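Taking it in order: structure first as structure tokens, then the write-up.
The values are calculated or read from the model by the stated rules, or taken from the named source; none is laboratory data. Here the structure is a predicted model, which means the values were calculated and not measured. All Cβ positions, glycine included, derive from the backbone under ideal geometry; neighbour counts span all protein chains shown. The area values use the complete protein model at the heavy-atom level, side chains included, leaving out ligands, DNA and RNA. Shrake-Rupley method; radii C 1.70, N 1.55, O 1.52, S 1.80 Å.
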Amino acid sequence: EIGKVFRNFELNVTLGQLRSLQVFVVGYAKKPGSYTVSSLSTLVNTIFAAGGPSARGSMRNIQLKRAGKVVTEFDFYDLLRRGDKSKDVSLISGDVIYIPPIGDLVAIAGSVNTPAIYELKKGASLEELLDLAGGLTITAQGQKVTLERIVDRKIRQVDEFTLDQAGLSRKIAGGDVVNVFSISPRFDNAIVLRGNVA
């Protein structure tokens, strides 16, 4: 901009103290409250400063509210699993970061790369859950899966099915426990020789 007016000049710029912002972290955060952050801070920086979501806080639907409207919804799974920070935004003074309560939890165990308890969004399928768990291991049977489900908060049912297209598209509900079986340790093409042999 200065070059539009002057020529043959040298310009030195010294940056002083950064302007600070006051933002609020509310909801199910580990350390909710008012935070004074630098003007270069973003949504993710401030969430880390607040300790992240608590054990009962959602990691999939963190909201940034500005003037009573939701500016963006951030999914921490995108950042942690794929390094996707595209929905991270810069903050302005008075912003409110709201961490809602945790959503539906589903457990997956057995022959998957990362067995754990995951928070799923509404309408998630078994294929999405397997993707969160890093896919099947080499020793996964691939055709045999059990799904334990609590029905109407009264009884627990178990269903066994194969991982074909119909099985992968099955919807997963909160409280489900998925177990992926591994292949049998026995050999199908082996012969056992016993007795008086060398």
Inset, instruction - Just need a number here: residues in the range 53-63 that are more than 12 Å from Tyr98 (Cβ to Cβ) and either in contact with a Pro (Cβ under 9 Å, 6 or more places away or on another chain) or crowded, with 16+ Cβ neighbours inside 10 Å (or both). - result: 4
Inset, instruction - Please go through the range 105-131 and pick out each residue that is under 12 Å from the mean Cα position of the chain (by Cα) and surrounded by fewer than 19 Cβ atoms within 10 Å (Cβ to Cβ). - result: Leu105, Ala116, Ile117, Lys121, Glu128, Asp131
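Rundown of residues vs (1) farther than 24 Å from Ser58 by Cα; (2) in contact with a Ser or Thr (Cβ under 7 Å, 6 or more places away or on another chain); (3) charged (D, E, K, R), yes/no style:
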{"position": "Ile117", "(1), (2), (3)": "no, no, no"}
{"position": "Lys122", "(1), (2), (3)": "no, no, yes"}
{"position": "Ser125", "(1), (2), (3)": "no, yes, no"}
{"position": "Gln141", "(1), (2), (3)": "yes, yes, no"}
{"position": "Ile150", "(1), (2), (3)": "no, no, no"}
{"position": "Val177", "(1), (2), (3)": "no, no, no"}
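Results for (1) exposed (fewer than 11 other Cβ atoms within 10 Å of the Cβ); (2) in contact (Cβ under 8 Å) with a residue 24 or more places away in the chain; (3) assigned to a strand (DSSP E or B); (4) of a type in the set (Phe, Trp, Tyr), shown as yes or no for each residue.
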{"residue": "Leu18", "(1), (2), (3), (4)": "no, no, no, no"}
{"residue": "Val23", "(1), (2), (3), (4)": "no, yes, yes, no"}
{"residue": "Val37", "(1), (2), (3), (4)": "no, yes, yes, no"}
{"residue": "Leu40", "(1), (2), (3), (4)": "no, yes, no, no"}
{"residue": "Gly51", "(1), (2), (3), (4)": "no, no, no, no"}
{"residue": "Lys65", "(1), (2), (3), (4)": "no, yes, yes, no"}
{"residue": "Asp84", "(1), (2), (3), (4)": "no, no, no, no"}
Inset, instruction - Would you please list the contacts, defined by Cβ atoms under 6 Å and residues six or more apart or on different chains, that run from a residue in the range 119-130 that is part of a loop (DSSP other than H, G, I, E, B) to a residue that is buried (at least 18 other Cβ atoms within 10 Å of the Cβ)? - result: Lys121/Arg60; Ala124/Ile172
Legend entry - Top-ranked residue in the range 161-191 [being exposed (fewer than 11 other Cβ atoms within 10 Å of the Cβ) and over 26 Å from the mean Cα position of the chain (by Cα); ranked as farthest from Asp104 (Cα to Cα)]: Ile191
Inset, instruction - Quick one: in the range 1-16, of everything that is in a helix (DSSP H, G or I) and open to solvent by less than 80 Å² (accessible area, probe 1.4 Å), which residue is farthest from Tyr98 (Cα to Cα)? - result: Gly3
Inset, instruction - Go through the range 145-198 and count every residue that is under 23 Å from Val112 (Cα atoms) and aliphatic (A, V, I, L, M). - result: 13
Legend entry - Selection within the range 147-160 - touching a residue at least 24 places away in the same chain (Cβ under 8 Å) and open to solvent by 20 Å² or more (accessible area, probe 1.4 Å): Glu148, Arg149, Ile150
Inset, instruction - Could you identify the single residue in Val71, Val96 that is among the β-branched types (Val, Ile, Thr) and open to solvent by 50 Å² or more (accessible area, probe 1.4 Å)? - result: Val71
